[in-house]
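Worksheet: the structure to be examined is printed underneath.
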Amino acid sequence: MKIIKVKDYAKMSEEACSIVVNKLHQLENPIFGLATGSTPEGLYECLIEEYKQKRASFKNATTFNLDEYVGLDKNDPNSYNHFMNEKLFNHVDISNEQTHLPNGAAEDLEKECSDYEALIREAGYIDLQILGIGTNGHIGFNEPGTSFSSRTQVIDLDESTRNVNARFFNSLDEVPTNAITMGIESIMESKEIVLLASGENKAEAIAHLIEGEVTEDFPASILQKHAHVTVIADEAALSKVKA
Ligand code: F6R
């Protein structure tokens, strides 16, 4: 696991941005795995700027997002679909057909999950997966206790996750109780993974990710077993790492 220590959120975002831009230049048809939440917003802003300055183009890229809330239509302002359109897709040269998120409003959710897996497989798997990390160690929405051999599935959101994410909703009651998420095994099939973390509230999680026991009780710990992971974290997020 490679650790890149940066000063702050802005530097974390720039560092991640340069890795994504390099992939856009290196690969003919790069496939990206993308995350939502507060952590990657700065990365997406930087990518939009790179596109505007004509230093990066997404016209040959494909994207797969990690997760989506169950029960929210893709146009719902709290859906991750909407988030991605607002924060990235609407501002760069990528068409709807090139971007993928699970459909949380699908009638048959099981089929939606297996179809999503099939799409990633048929595309040739993810070249670069961007991850954030939950304070409870979740990656995607794979909450503590999720099997390391899980594939894309419907999960129950932890109460702690619903509480943390309530900041995006009018009230806790509005936060969905379920989500579709790529599974741990699906994430581990990515050729390369970049995990981003900023702020003191991520320090415990980052310490466990880097130095803790590999256990299903802390899903992100499985990344210790992946051959090509880079953690880009700021000083505050790395403040509890001992070594
Ligand atoms: C989002 C996702 C989650 C977040 C995590 C951290 O697509 O998969 O695992 O990365 O909950 O969220 P933030 O960045 O808001 O702290």
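What the table below lists for this structure:
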{"item": "Separation in nanometres of the label points that stand 7 Å from Cα toward Cβ, at Glu211 and Asp108", "result": "5.0"}
{"item": "Listed pairs Lys52/Lys240; Lys11/Lys202; Lys59/Lys87; Lys11/Lys242 exceeding 26 Å between Cα atoms", "result": "Lys52/Lys240"}
{"item": "DSSP-defined beta bridges in the chain - what % are antiparallel, rounded to 5", "result": "25"}
{"item": "For region 83-188, convex hull of alpha carbons as volume per residue, Å³", "result": "127"}
{"item": "Förster-model FRET efficiency, 30 Å R0, Asn90 and Glu235, C-beta, rounded to 0.05", "result": "0.35"}
{"item": "Average Cα contact separation per residue, region 2-229, under 8 Å, 6 or more apart, as relative contact order %", "result": "22"}
{"item": "Cysteines in the chain lacking a second Cys C-beta under 4.7 Å", "result": "Cys113"}
{"item": "21 Å Cα-Cα reach of Lys111 towards lysines, excluding residues that sit fewer than 8 places from it in its own chain", "result": "Lys74"}
{"item": "Region 2-229: equivalent-ellipsoid semi-axes (sqrt of 5 x gyration tensor eigenvalues, Cα, Å)", "result": "24, 21, 18"}
{"item": "Exposure proxy ranking, count of Cβ atoms within 10 Å, fewest first, for Ser221, Ser95, Ser18", "result": "Ser95, Ser18, Ser221"}
{"item": "The chain, helix-only ellipticity at 222 nm - DSSP H runs n ≥ 4, -39,500 (n - 2.57), divided by all residues, nearest 500", "result": "-9000 deg cm²/dmol"}
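Rule-based calculations on the coordinates, nothing more; no lab input. Note that the structure is a prediction, hence the values are computed from the model and not measured. Virtual Cβ from ideal backbone geometry, glycine too; neighbours counted across all protein chains shown.
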